[in-house]
Amino acid sequence: MKKIFCVTILFVISAALCCAIHAQSNETRLTNKDIVDLVKMGLSTEVIVAKIKNSSCNFDTSPSSLQELKTANVPDAVILAMVQAPNSTNSVSVTSADKPGTKAGAKNLYEVRKIFIDDMGKSDDSERFRLLLRGKLSDKGFTIVDNSDEADGILKGTLATQLTQGTTKARASVYLKSQSGATLWDDDFGVHFVFGPHRDSIKLRAEDVANGLHSAWKKSAKAAGIKTGD
């Protein structure tokens, strides 16, 4: 009897400790309400952004929640930091992509900051195009990662080239997908007239893709009420 009583006591204590640890973990994660409270306290944008970057976060960045943040006069720089926080979610509902062990990735284009550039074909020109894309997208503020598991979005496509009268003409068809496989952006870039001396057609297509993706990213952020600063 005494042994059973001791086991029962140990079980109750263990369960209580687990609940306490779980509750403490949840309490230390920043939420949308915490950010609104910090803004109401009069803290500067820089201080709040620094707090976000150095804290565990559990933000809801769904469109309706972003609108609520705007209504609460949360600065755009703070909202952008919330969107980019590693543990932010853009939906209040739990889906299979939110379960442990599954990376959901970005669900909106404006959430994409880290990009993995996948195959762009099998030719030498395609590999060169892929390398040029790394530089051009980096120039636009995106972070290029070498592991697809670390990316917010995966860029893939094809490059078609044609040699005409000693000049290479290139056409690129690309698309950006989330980790869950949803298409966040796609476009096709063909040959267009460029004033001035002859320019490298493959390099031009890399510039077109970078400019097109960055432009679409800014439009997505603007539609969500986020100022990008560029």
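The values are calculated or read from the model by the stated rules, or taken from the named source; none is laboratory data. Fair warning: this is a prediction, and the values are worked out from it, not measured in the lab. Cβ atoms come from the backbone with ideal geometry, glycine included; neighbour counts cover every protein chain shown.
Inspect the stretch 62-72 for any residue being in contact with a Leu (Cβ under 7 Å, 6 or more places away or on another chain) and at pLDDT 50 or above and give the result as yes or no.
No, there is no match, as no residue in the stretch 62-72 is in contact with a Leu (Cβ under 7 Å, 6 or more places away or on another chain) and at pLDDT 50 or above.
Got at least one residue in the stretch 207-214 being within 21 Å of residue 63 (Cβ to Cβ), among the β-branched types (Val, Ile, Thr), modelled with pLDDT of 80 or more and surrounded by 13 or more Cβ atoms within 10 Å (Cβ to Cβ)?
No, every residue in the stretch 207-214 fails to be within 21 Å of residue 63 (Cβ to Cβ), among the β-branched types (Val, Ile, Thr), modelled with pLDDT of 80 or more and surrounded by 13 or more Cβ atoms within 10 Å (Cβ to Cβ).
Please determine, by comparing only the residues of the stretch 26-77 that are among the β-branched types (Val, Ile, Thr) and in a loop (DSSP other than H, G, I, E, B), which one is surrounded by the fewest Cβ atoms within 10 Å (Cβ to Cβ).
Once the filter is applied, the top-ranked residue is 28.
What pairs come up if the first residue lies in the stretch 64-86 and is closer than 12 Å to residue 36 by Cβ, the second is part of a loop (DSSP other than H, G, I, E, B), and their beta carbons are under 7 Å apart, counting only those six or more places apart or on different chains?
70/225; 79/226; 82/59; 82/61; 82/88
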